[in-house]
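The values are calculated or read from the model by the stated rules, or taken from the named source; none is laboratory data. Just so it is clear, the structure is predicted and the values come from calculations on it, not from any experiment. No Cβ is skipped: glycine too gets one built from the backbone with ideal geometry, and neighbour counts run over all protein chains shown. These area figures cover heavy atoms from the full protein model, side chains too; ligands, DNA and RNA do not enter into them. Shrake-Rupley method; radii C 1.70, N 1.55, O 1.52, S 1.80 Å.
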Amino acid sequence: MQLDEVLHKEKLTRDEIIFLLKLKDENDMRKLIKRADEVRKKYSGDEVYLRGIIEFSNYCSENCLYCGLRNDNANIKRYRMQPEEIIETAKQISNLGIYTIVLQSGEDYYYDTDLIAYIIYSIKQHSNCAVTLSLGERGFDEYRIWKLAGADRYLLKHETANQKLYSIYHNHQMVGGRIRHLKFLKSLGYQIGSGNIIGLPMQTEEDIADDILLCDELDLDMAVFGPFIPAPFTPYQNRRTGSIKLTLKTMAVARIVLKNVHIPATTALATIDEAGRIKGLTSGANVIMPDFTPLQYRENYEIYPNRNTLKEEPNNVKTLLTLQLESIGRKISSERGDSLKLYFGSDRILHYPY
Ligand code: 5AD
Ligand code: SF4
């Protein structure tokens, strides 16, 4: 296969995606990353979109084998933020000029349909920010009510498109179920985000190619690819950390294949490599998701250890990022950063609230 030719194709086959993911030569990797950077610039420009995350509860009823928040882990201190505290934190984020609030938690039914709807509605009263929900799999009627309450986006990673692996990681569940949730969310008019974890036990480059192809099929608005980091007190605590190289290659290939989609440089990437955020942003990414969880809770949201955001002070985040971004000729956007697809002939423009 000819690398230069593949990099410039409009549509890539599964074999071509696998070929790119398996590149080893440093020079070839540089070509791949450079092409991804061009495609990112063409479809998203040089501005970087910020999403302020509030991890408001670390309770979870699920038991994903890789995750530190899994229900069976009795070794972490569990917390729940109260609605007013969540709404107040959201206000602080939008006061900093960050116009996407991501409400993230484990699957925690303490927050019932009405409570989440109340939180969404209250946040939307105070500013014109976008609200993204990242609450795991919930009821179809809940998704509908939360959309009416004002939610704009839903983030639900598929984690792996390989049914065999999905069922091993997730207590015999089916990846098809997760896909149904994503499709339903999209039909309600949510901008949807999904993605995988890179370097999970038993995963191959072929699996990652299928993850990228699934992202394409789902016509995502945001695609997330973060490295696996072993978490203590989980069945995978002694497994190897996902490779930074493979993560960056995946992000670059995803950019080339998916084109007009948001791709974040994840916290996990910044955790396994100090320069991870910058490396991600030059390998196809156009989004950063800084953590605004109040500091007293943050260390307990231990999906995996040593998250690099543990000491980031909310008020300094933007200044620090501005400086880092300047060094690569990029800058923070002051927009909400809605889907790159909304403006280009998508039928979903009908659902756009403005
Ligand atoms: N390493 C990296 N990412 C993880 N996640 C959960 N556990 C880990 C881990 N050990 C990710 C999952 C989930 C999100 C909340 O965190 O993709 O969707
Ligand atoms: Fe719960 Fe999400 Fe962790 Fe799975 S990945 S255990 S659903 S918080």
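Can you give the extra length, in nm with one decimal, that the chain gains between Lys11 and Gln82 once fully stretched, where that is 0.36 nm per residue apart less the Cα-Cα distance? Write down the numbers at each step before the final one.
On the way: separation 71, 0.36 × 71 = 25.56 nm, distance 4.70 nm.
Additional length available on full extension: 20.9 nm.
For the pair Ser167 and Met1 in one chain, pulling the backbone fully straight at 0.36 nm per residue adds 56.4 nm over the alpha carbon distance. Of Asn73, Asn27, Asn196, the residue with the greatest mean-square motion in the GNM of the chain, using alpha carbon springs below 10 Å, is Asn27. Listed by chain and number, the lysines whose C-alpha is less than 26 Å from the C-alpha of Lys164, apart from same-chain residues fewer than 8 away, are Lys22, Lys183, Lys186, Lys245, Lys249. In the chain, the DSSP-assigned H stretches of four residues or longer account for a calculated mean residue ellipticity at 222 nm of -12500 deg cm²/dmol, using -39500 (n - 2.57) per stretch and the full residue count as denominator.
Send over the per residue convex hull volume for the chain, Cα only, as a whole number of Å³.
Details: hull volume 44.3 nm³, N = 354.
Expressed per residue, the convex hull around the Cα atoms of the chain is 125 Å³.
Taken about its Cα centre, the stretch 159-223 carries a charge dipole of about 420 debye when Lys and Arg each add +1 at the Cβ and Asp and Glu each add -1 at the Cβ. For the stretch 234-279, the share of accessible area belonging to carbon and sulfur comes to 44 percent (1.4 Å probe, ligands and nucleic acids excluded). Extending 7 Å from the Cα toward the beta-carbon at both Asp28 and Lys41 defines two label points whose distance is 2.5 nm. The calculated FRET efficiency for the pair Lys91 and Gln237, based on their C-beta separation and a Förster distance of 45 Å, comes to about 0.75. Counting only trypsin sites (Lys or Arg not before Pro) that DSSP places in a loop and that have at most 10 other Cβ atoms within 10 Å, the longest clean stretch of the chain runs over 78-239.
Sorted by accessible area (1.4 Å probe), largest first, how do His181, His172, His262, His126 line up? The partial results should precede the final answer.
Numbers: His181 25, His172 145, His262 5, His126 100 Å².
Reading off the accessible areas and sorting them downward yields His172, His126, His181, His262.
With charges set only on the Cβ (+1 for Lys and Arg, -1 for Asp and Glu), what does the dipole of the stretch 36-340 come to about its Cα centre, in debye to the nearest 20? Before the final figure, lay out each step's value.
Details: 35 positive and 38 negative charges, 75 e Å.
With only Lys, Arg, Asp and Glu charged at Cβ, the dipole is about 360 debye.
In a GNM of the chain with a 10 Å cut-off on Cα contacts, which of Asn300, Asn308, Asn75 has the highest mean-square fluctuation? Among Asn300, Asn308, Asn75, the largest mean-square fluctuation in the Gaussian network model of the chain belongs to Asn75. Straight-line cross-link partners of Lys331 among the lysines, defined as a Cα under 18 Å from its Cα and at least 8 positions apart when in the same chain: Lys41, Lys42, Lys279, Lys318.
Subtracting the Cα-Cα distance of Tyr110 and Ile145 from 0.36 nm times their residue separation leaves 10.9 nm of extension gain. Take the Cα of Asn63, go 7 Å toward its beta carbon, and the backbone nitrogen atoms of the stretch 236-279 under 17 Å from that spot belong to 236-237. Not counting ligands, DNA or RNA, and with a 1.4 Å probe, what is Met202's accessible surface area in Å² rounded to the nearest 10? My reading of the accessible area for Met202 is about 110 Å².
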